[in-house]
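Data block below; observations after.
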Amino acid sequence: MPLTLAKIEELAPDQAALDAARKLLRVQTWPLLAFDGAGFLWGECQGSGASPYRVVVCEDDGGAKCSCPSRKFPCKHGLALMWLRADGKADFVNAARPVFVEEWIGRRRGASAAPKEEPRASMAAEAPPPDPKDEVKAEAARERNRQAREASILAGLDELDRWLADRIEAGLAAFPATAAQKCEKFARRLVDAKAGGLAARIEQFPSGMLALPEALRAEFALEAMAQWRLIAQAYRRREELPPLLAADARQAVGWTLTREALLAEPTAPRAKGRWLVVATLSEAQPDRLRRLETWLARLDEGAPAFAVLMDFVPLAGGASVGFGFSPGESFEAELVFHPSQAPLRAIVAAQNGATLRDRSAALAPRRDLSGALDAYDDALSLSPWLGAWPLATRDVEVRGAGKALWLCDATGPEALPLKDDAAAPLVGAGTISMFGLWDGRRFAPAFAETALGRWVRP
Amino acid sequence: MTALDPKLLEAAAASLIAGRSRGAPPLDALFGAAAEGRALDALALAGQARRFRRPAPPETFDEADLVEDARAIVSDEARGLMLRLLTGKGADPQEAPARAIAFALEAKRLRPHPFDLPRLEAFVRAHAELLGATVLAWTTRGEEPRPSHFEPDAVDESNWLTVAPFRQAQFIARVRARDPNLARDMVAAAFPSLKADARARLLETLAAGLSEADEPFLESLAGDRAPKVKELAARLLTALPGSEGLQKQIDDFASRIKISKAGIPLRPTALELETPADVPAHFVHLWAAAAMSPFPLDRLAAHFSMSIDEICAAAKDDTPLLLALAVGAMREKRAELLAGLIRQAPLSWHFVVEQAIERNYENFSRRFNWPFFGRPDFLCAPEEVEPMCAALLQPEFWEMAPQPAAFRPLQTMLCGALPESVARKLLEAKFWREMLAKEEPDALTLTALASLTPKALRSQIRDQFSRAAPGYAARALLALDCLDSLDAP
């Protein structure tokens, strides 16, 4: 996709980065400007140091890499290189990719990543063949580790049962007052037991609970503990469960799949189609990582209808780390979903063609609010420890009731309380189509098509 | 199935929340014979069952207040540019580009896109009165003062002092319209027991239907302990012809002016203002301008039996007096007189505009939303703008560039861009050429002047920026792009 100034603006982490990039638009600052004709640009930007910074940019998805120490992403050098290209005033020479570009492409994930087979083949030609004995030993070590972790997790789940029984004995009404300390302490024990997924749920529970009015906290604790108990039980009985539900339980406890393993997983659902980016969310996690979620809605018929791409970056990078996509963009891609009864988390296996910002790619939900809630109930039945679930619904209105806002079915009785007042500008906007996340209690609106145009959560 | 009986699950949930000491969960009913030790399963079932419940909607929803707004929404292009210019780190809603955008929206009868209002919150709050009914409704949402439960529903003479100050003012305004003297007497009787803000609010209501009968009351306020009440009373007094209070203020001010005489016969040659001893040196200019603000220049000249031109000529060596006279000339829109005074202190033009326009504007716009109440008389009429601007801005005498903040009161006076002839003079001035030639020009000054440049000269200033050090004019160019997009048909 040709880079445009509008796209560069979206990619920029802030206005300061754009202003700084503008100062680098002098061609004299760039001893090298080149492209390969396959969507990659690179250049060398003379900074204040002796050696220039090396910058690479992927034109298709706006990905960038620079050797400067900036924690902004993309940095001013990356933005300036894109800008020079978009302006068309600087001459880029057509050249073969240098090593630093090849290395970066080799490390990339996603649509523009280099095919993995080629480097492997060339390395295989040079590297000595692996010793079969070493491979057997390594496999045995992996198996021992896996078994040790399984045993450790099961012991941790037994501890969870005892901990829950203690909470029940005392009554859940008393739990919210001491939840922060108790959950933090017990989550550490589950981390030691190598059940990181479950530990994260328990650690994040107090912040979710404290966001609710006091009267609802005990009830919230009951629902959360029910999910923890269900996860523990499902994990113990995973051999008896359907494979996809067992996979859900494994993921909930903390087993992860690498990208390569997921791509090779035969039970992982695949979906080829056109996807509309409907939300980008960033959340700081207790493990000092920032979770970047890109929510997608499928524009053509087919299932799954929604997907979420998740990336994790260090919190130390600041909030300025950019998303690869922004709401309103659409692209054709094949997604591979993590195996699940209710598939949602996915990766882009292959993107076909460019990412477009085209107003004709509009959210057009097929369900009304009641139908969307029925779909949520179905998903909850299939995957009982489901978290926030995407709802896309047509014919709804945002209305106020006192200080709270509600998403109301324009014709039916259903209504969902909104999480905050971000959708206040939609009050009085008439009947709209809306996408958002429903956690069973509150709806977080993210994207809407209205008569006044498209609304995106700020 | 018995295990999923909703009533049983509810009972289990209630028991789990209360604690087992206050009632065990109905395990037998839920699990039958295999109930022993299944409290955790009861927890899972009861908790999970609740997750399928749907929220009960409120009994009634608020009626959406549909605001009638004849203004058109800005174009998509302008939307994007406005968001870039007016949001993000360092975007100040009071800086020159933001004000220029607000005035341009008012002039073009445009309004921001309603979906952008949360992101433009600081901007729309600062300039709500210029941005249309929708924006006004947005900025005042949920803020309307509601009567307390203890306040009476109907306000009358017997209970008006027990209600909130805004309702007191509403009531007095109604009485004033019906019986001006009664309203004044009620306010006068209540004054000693009221706080300064409430006193000022009530005094404002007396501006309607002002007559000579109000003079004794207004004069009595010369000694009010709140400066804003005192100032407001003095302003109302000036609106009364032949007010004795006003004459007293002129006499007081004139008594502080020392006159030196020379020549045959003796003629006044120099005026020197003696400020009170308790006015700090750096406040002398402000004090002089404030002290002279209530009365017209001609009344002062008459006091000395001189013409106003003679007064101005004699004050040339006393800067505070000179500037106070310039503020008076600005207020009375006497361009020729102003030009002569400004020539004595060319870089003090911003002080003059600030005292004559900006202070009034800030008070006025907060209280009255002037686009809806008509143009206030302290602003220049359209035909006065060009001569007044030319009198104020004399860049040929500037030895250095003005501070960027100096343009702010000017922008208020203009309610938009500079007249073309004045802008052309600025863009060709020496200070501007030197600024653009600098290795590190002041970006704020570039942005301020770009925001004031009229449409016809935007291509010229863009051309000048293209020769300036790159980067420093980035925000100025963004402001120009944004203003152009608002001017586009």
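Okay, here's what the table says:
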item: Burial ranking of peptide ranges A:450-458, B:413-421 (average Cβ count within 10 Å, highest at the top); result: B:413-421, A:450-458
item: Within segment A:369-456, percent of DSSP bridges classed antiparallel, to nearest 5; result: 95 percent
item: Lys/Arg +1, Asp/Glu -1 at C-beta; the protein assembly as shown dipole; positive extreme among A:434, B:305, B:238; result: A:434
item: Reachable lysines from residue A:23, criterion Cα separation under 28 angstrom, eight or more residues apart if same chain; result: A:7, A:65, A:72, A:76, A:89, B:89, B:430, B:438, B:455
item: Dipole magnitude of segment A:369-456, debye to nearest 20 (Cβ charges: Lys/Arg +1, Asp/Glu -1, about Cα centre); result: 300 debye
item: Antiparallel bridges, percent of DSSP beta bridges restricted to chain B (to nearest 5); result: 75 percent
item: Bins of 10 Å from zero: percent of alpha-carbon pairs in segment A:369-456; result: 18, 54, 24, 4
item: Minimum 20 Å² accessible area buried by the other protein chains, segment B:460-489 residues, probe 1.4 Å, relative to alone; result: B:470, B:471, B:474
item: Set of lysines with alpha-carbon distance to residue B:195 below 29 Å, sequence-local pairs under 8 removed; result: B:228, B:230, B:248
item: Accessible surface of chain B [probe 1.4 Å, protein heavy atoms]: carbon and sulfur percent; result: 53 percent
item: Cα-centred dipole magnitude for chain B, charges only on beta-carbon of K, R (+1) and D, E (-1), debye, nearest 20; result: 960 debye
item: Segment A:335-376: radius of gyration over Cα atoms, expressed as a fraction of 2.2 N^0.38 Å; result: 1.58
item: Average accessible area per residue (Å²) across chain B - probe 1.4 Å, nucleic acids and ligands excluded; result: 49 Å²
item: Karplus-derived 3J(HN,Hα), 6.51/-1.76/1.60, for each residue of segment B:273-280, Hz, glycine and proline x; result: 8, 9, 8, x, 5, 8, 8, x
item: For residue A:367, solvent-accessible area (1.4 Å; no DNA, RNA or ligand), Å²; result: 120 Å²
item: Residue A:32 long-range amide H proximity, modeled H, under 5 Å; result: A:44
item: Per residue accessible area in Å² of segment A:228-331, where ligands, DNA and RNA are left out and the probe is 1.4 Å; result: 44 Å²
item: Where N is the number of residues in segment A:142-250, Cα Rg divided by 2.2 N^0.38 Å; result: 1.12
item: Calculated from backbone phi, Karplus (6.51, -1.76, 1.60) coupling profile of segment B:119-124 in Hz, x at Gly/Pro; result: 6, 9, 3, 4, 5, 5
item: For segment A:409-442, residues shielded by at least 50 square angstrom of accessible area compared with the chain on its own, probe 1.4 Å; result: A:425
item: Listed residues A:370, A:58, A:17: farthest to the positive end of the dipole of chain A (Cβ charges); result: A:17
item: Set of lysines with alpha-carbon distance to residue A:194 below 30 Å, sequence-local pairs under 8 removed; result: A:133, A:137, A:182, A:185
item: Phi-based couplings in Hz for segment B:472-477 (Karplus 6.51, -1.76, 1.60; Gly and Pro marked x); result: 6, 9, 4, 6, 5, 5
item: Hydrodynamic radius by Kirkwood, which averages 1/r over all alpha carbon pairs of the protein assembly as shown, in angstrom; result: 34.0 Å
item: Protein-protein interface of segment A:1-49, residues with accessible area decrease of at least 40 Å², isolated chain reference, 1.4 Å probe; result: A:9, A:15, A:22, A:23
item: Debye-sum result for chain B in log10 I(q)/I(0), which assumes one identical scatterer on each alpha carbon, at q = 0.07, 0.12 Å⁻¹; result: -0.56, -1.17
item: Dimensions (Å) - segment B:424-489, Cα atoms, principal axes, largest first; result: 37, 25, 17
item: Accessible surface of segment A:172-256, 1.4 Å probe, proportion on carbon and sulfur as whole %; result: 54 percent
item: Overall form of segment A:350-413 per C-alpha gyration tensor (a/c, 1.5; a/b vs b/c); result: oblate
item: Part-to-part distance (alpha-carbon centres) for segment A:401-458 and segment B:184-199, which is given in Å; result: 47 Å
item: Total accessible surface hidden between A and B, rounded to 100 Å², 1.4 Å probe; result: 4300 Å²
item: Carbon/sulfur fraction of accessible area - segment A:258-356, other protein chains in place, 1.4 Å, %; result: 56 percent
item: Two-decimal Rg/Rh across segment A:258-356, once Rg and the Kirkwood Rh are taken from alpha-carbon atoms; result: 0.98
item: For segment B:274-326, with +1 on Lys and Arg beta carbons and -1 on Asp and Glu, the positive-most of B:288, B:319, B:277 along the dipole; result: B:288
item: Per-selection Rg to Rh, chain A - Cα, Kirkwood hydrodynamic radius; result: 0.99
item: Charge dipole magnitude, Cβ of K and R +1, D and E -1 - chain A, Cα centre, debye nearest 20; result: 960 debye
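The values are calculated or read from the model by the stated rules, or taken from the named source; none is laboratory data. What you are looking at is a predicted structure, and each value in this text was computed from that prediction instead of being measured. Here Cβ is always computed from backbone atoms with ideal geometry, including for glycine, and neighbour counts include all displayed protein chains. Ligands, DNA and RNA are stripped out before the accessible areas are found, and what is left, the full protein with its side chains, is counted by its heavy atoms. Shrake-Rupley method; radii C 1.70, N 1.55, O 1.52, S 1.80 Å.
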